[in-house]
Amino acid sequence: MSTNIRNVIKNATDKLRDNVEQFSDWWENATNMQSSSAGASKSNASSPSSGTSKNTSSSSSSSSGASKNTAPSDLSFKPPAATVAPKGDYKPSGTVNQALSALEAQLAAKPAEYRGEWENKLKEQMDRILNREEFSYDLNSDPFYQQYADLFARQGEMAMLDTMGRAQGATGGYGSSYAQSVGQQAYQEHLKGLTDIAPELYSQAYDRYAREGDRLYDEYALMKQEDSEDYARYQDGVARYYDDLDRAYDRYDSERSFDYSKYADQRDFDYAKAVDERDYNYNKALAEYNKALDERNYKYQLESDKLADERYEKEYAAATAPTGTSVPSAYKNMSMAEINSLLADANASGDDKLVQAIIDDLEKAGVITGVIADTLYTKYMVGGK
């Protein structure tokens, strides 16, 4: 097999490898779940073609003889746009919004801190109890003592007059010092009873002071009970508020969880369906591309083999022509690329005589100048000219 044929096969293999690499890059981008994946796949769709052209250029520089017979680069894999993307962002339903409004209204209805109407009254009553004067008793300022004093004085006067009358009767109706003496004695006896009643009046005064103190304490206790009952009712209201708040939150949480679950199920279903459709379209496009690539490579290989055989026949005829024969007419129509290819094959054989014979014939035929001939000697002859 000639060097040209090997180059043709190498070029086709390199192009196929580039296409496979470009296909792998596209597949990685196509599976990206971002919303920009469609734009990325569009950019990648043209990459295999550019990759093929780059490889063709490289192959041409490595083998000048293959540049004229390079495989066509118009066939490239164009995968379908990968438009797989999740459904739009979650939007709560009307039922969820209603539950949220009810929850917000319940939050706004939080009871204020407790401020009982008995707070000031309790403070005032406690001030009365704590700041109350100590017990003291003045007998002369006791109105009850004055009443008793007047009563005992009147009774003493009456007893005195009665005693004096009886004394005067006993003496025949004449007044005497004896009558006055016994009358005064009777008066003093009655006033002595006033002195005996003073301790009782003191005890009564203290009892009144103590009962007043008890009354203040009882009133404080009654107000405290009323305040406690008011606070208990306030606490009941606060407890009901938090019960209602818990129910409102549970309803909102339940409605939102159910609503979001429906959204997520539908989103996942739509996404899985889109992925299946994308994979199907992708595999279909890839199969069509591979089929077209195989057909193109087959036709290209047939043409390359034909061209390689024709070139080999020319090279062989030129190399085996007897000395002194005319220059092959095929040399006159050769391009520099074909000349380089021909000399590269001769150089690969290691036969400097063959290389020299070809360059000499080309110069004689006027295809190349002497300067170009010298350059070709230096480039392709193993031992130099």
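Details
- With the simple spin-label model, which puts each label point 7 Å out from Cα in the Cβ direction, the residue 269 to residue 360 separation comes to 8.8 nm.
- Listed peptides 137-143, 366-372 by packing density, highest first (mean Cβ within 10 Å): 366-372, 137-143
- Summarising the label geometry, the points placed 7 Å from Cα in the beta-carbon direction at residue 332 and residue 91 lie 8.2 nm from one another.
- Fewest-first ordering of 117, 226, 255 by other beta carbons within 10 Å of each residue's beta carbon gives 117, 226, 255.
We did not get these values from a lab; they are worked out from the coordinates using the rules stated. Predicted, not measured: the structure shown is a model, and the values here were computed from it. No Cβ is skipped: glycine too gets one built from the backbone with ideal geometry, and neighbour counts run over all protein chains shown.
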